[in-house]
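The values are calculated or read from the model by the stated rules, or taken from the named source; none is laboratory data. Being a predicted model, the structure only gives us computed values, none of them experimental. All Cβ positions, even for glycine, are placed from backbone atoms using ideal geometry, and neighbour counts span all protein chains on display.
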Amino acid sequence: MIDALTITTTGGRGGNGAISFRREKYVPRGGPDGGNGGKGGDVVIKGDSGKQTLLDLRYKKKYNAGNGKNGGGRDRTGQTGSDIIIYVPFGTMVFDEENGMLLADISRSQPEFLLAKGGRGGRGNSSFTNSTQRAPRTAETGEDGEGRIIRLELKLIADVGIIGYPNAGKSTFISTVSAAKSKIADYPFTTLTPVLGVVKDDTGSSFVIADMPGLIEGASKGDGLGRNFLRHIERTDLLLHFVDVSAYPIPECCAEEPVVDRYLAIRKELESYSCDVAVKREAIVATKTDSTVKENLERLAEYALKNGKPFFKISSLSKEGIPELLLWIHQILQDKSAAEECTKNSL
Ligand SMILES: Nc1nc2c(ncn2[C@@H]2O[C@H](COP(=O)(O)OP(=O)(O)OP(=O)(O)O)[C@@H](O)[C@H]2O)c(=O)[nH]1
Ligand SMILES: [Mg+2]
């Protein structure tokens, strides 16, 4: 899956202004008539609802818009350089690679953005006439177009994000409830990039669920795989926070911590990553309940109750608790009003 890449964009050069004088029969010294150069083309990025990935941009790294044509005699302005339009999926974020600044977030409210502006065309000598300069021999050269190195990152657009420590059973769950084929294995960091699945219910309504790579402590600072992918949960409406309560060994990275601490370690990562993510609605989901360690389950349930967090117990093996969880997700997604505002106080 291509979800981030870097491209170089250059606006076209403006055409030069012309130096030219009118030549007409019976007019020995015609006035200046050098036209302006044409403007260089722009490089523009535009959202396209038909696109889902950045795959099409994989092989082309440089986007140079057309140069403006030079001005001509008889006050002819040079032709404008041709623009380049780069089509990307909605949900693409545009960064300036050099300083890391977010330039645009291509969405329905901002469907396009100018990446590199074409240079202005130079003025021809006819623009330089004034009361003292009747026959100027000056004209400007066209300006260079802007150049920018741009990083594009695509955020997946899913309704629900599944997060949790490596090996918590996230991929097994998405493969159980949707047609998505997410790799499953009993070692940490099996899932390397997010995977989307569509969950349909009997009434025909559906929602999109994203299986995320496992998060560990330090993810928001770049440990593990986490940070690269945390951005994908920014657009979800709901997080399912999976916590393994089974007797199976917890991966080495995270084995030391008791069950609630494992949950809290990830909460801390979400909070240091972004306030928007931290205030998302969230359910705590105890997983692998076919092999529950009673104490783990009880502690987690007690924590959820005390903190007013919706709590579910599931087993992807026996399917226990899965219908109830899916039903609840459907209901929650209907209710858009419940989303909290991101304010500093909410952390
Ligand atoms: N007994 C039992 N085992 C499960 C269940 N769900 C997952 N597993 C096992 O747990 C292991 C990890 O499952 P994954 O679904 O790959 O876990 P993950 O959370 O996606 O892991 P990462 O991608 O590494 O973050 C696999 O060996 C699964 O077979 C369950 O409900 N019951
Ligand atoms: Mg996985």
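Table: residues versus (1) hydroxyl-bearing (Ser, Thr, Tyr); (2) farther than 11 Å from Lys46 by Cα; (3) at pLDDT below 90.
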residue	(1), (2), (3)
Met93	no, yes, no
Glu97	no, yes, no
Leu103	no, yes, no
Ser107	yes, no, yes
Leu115	no, no, no
Asn130	no, yes, yes
Legend entry - strands (runs of 3 or more DSSP E) lying entirely in the range 89-178 (those with 2 or more residues that are of a type outside the set (D, E, K, R) and within 16 Å of ligand 2 (Cβ to nearest atom)): 160-164
Legend entry - Positions within the range 257-276 being within 27 Å of Ser246 (Cα to Cα) and within 25 Å of the chain's Cα centre (by Cα), in sequence order: Ile266, Arg267, Lys268, Glu269, Leu270, Glu271
Inset, instruction - Starting from the range 278-295, keep only residues that are over 18 Å from Ala158 (Cβ atoms), then list their pairs with residues that are modelled with pLDDT of 90 or more and basic (Lys, Arg) whose Cβ atoms are within a distance under 7 Å, requiring at least 6 positions of separation or different chains. - result: Ile284/Lys309; Ala286/Lys313; Thr289/Lys313
Inset, instruction - State which residue pairs qualify: first residue of a type in the set (Ser, Thr, Tyr) and inside the range 100-115, second residue at pLDDT below 90 in any location, beta carbons under 8 Å apart, and separation of 6 or more residues or different chains. - result: Ser107/Phe90; Ser107/Gly91
Legend entry - Unmet requirement for Arg267, which otherwise passes all of (1) part of a helix (DSSP H, G or I); (2) modelled with pLDDT of 90 or more; (3) buried (at least 23 other Cβ atoms within 10 Å of the Cβ); (4) not polar (S, T, N, Q): (3)
Inset, instruction - Among the residues of the range 162-191, write down those that are more than 6 Å from ligand 1 (Cβ to nearest atom), of a type in the set (Phe, Trp, Tyr) and either free of Cβ contacts under 8 Å to residues at least 60 places away in the same chain or farther than 22 Å from Ile284 by Cβ (or both). - result: Tyr187
Legend entry - the range 300-320, subset in a helix (DSSP H, G or I) and surrounded by 15 or more Cβ atoms within 10 Å (Cβ to Cβ), residue nearest to ligand 1 (Cβ to nearest atom): Leu300
Legend entry - Whichever residue in the range 85-110 is on the phi < 0 side of the Ramachandran plot and among the small types (Gly, Ala, Ser) and, among such residues, is surrounded by the fewest Cβ atoms within 10 Å (Cβ to Cβ): Ser109
Legend entry - Residues satisfying the stated conditions in the range 192-205, i.e. away from ligand 1 (no atom under 13 Å from the Cβ) and either touching an Asp or Glu at 6+ places or on another chain (Cβ under 9 Å) or closer than 22 Å to Asp3 by Cβ (or both): Leu196, Val198, Val199
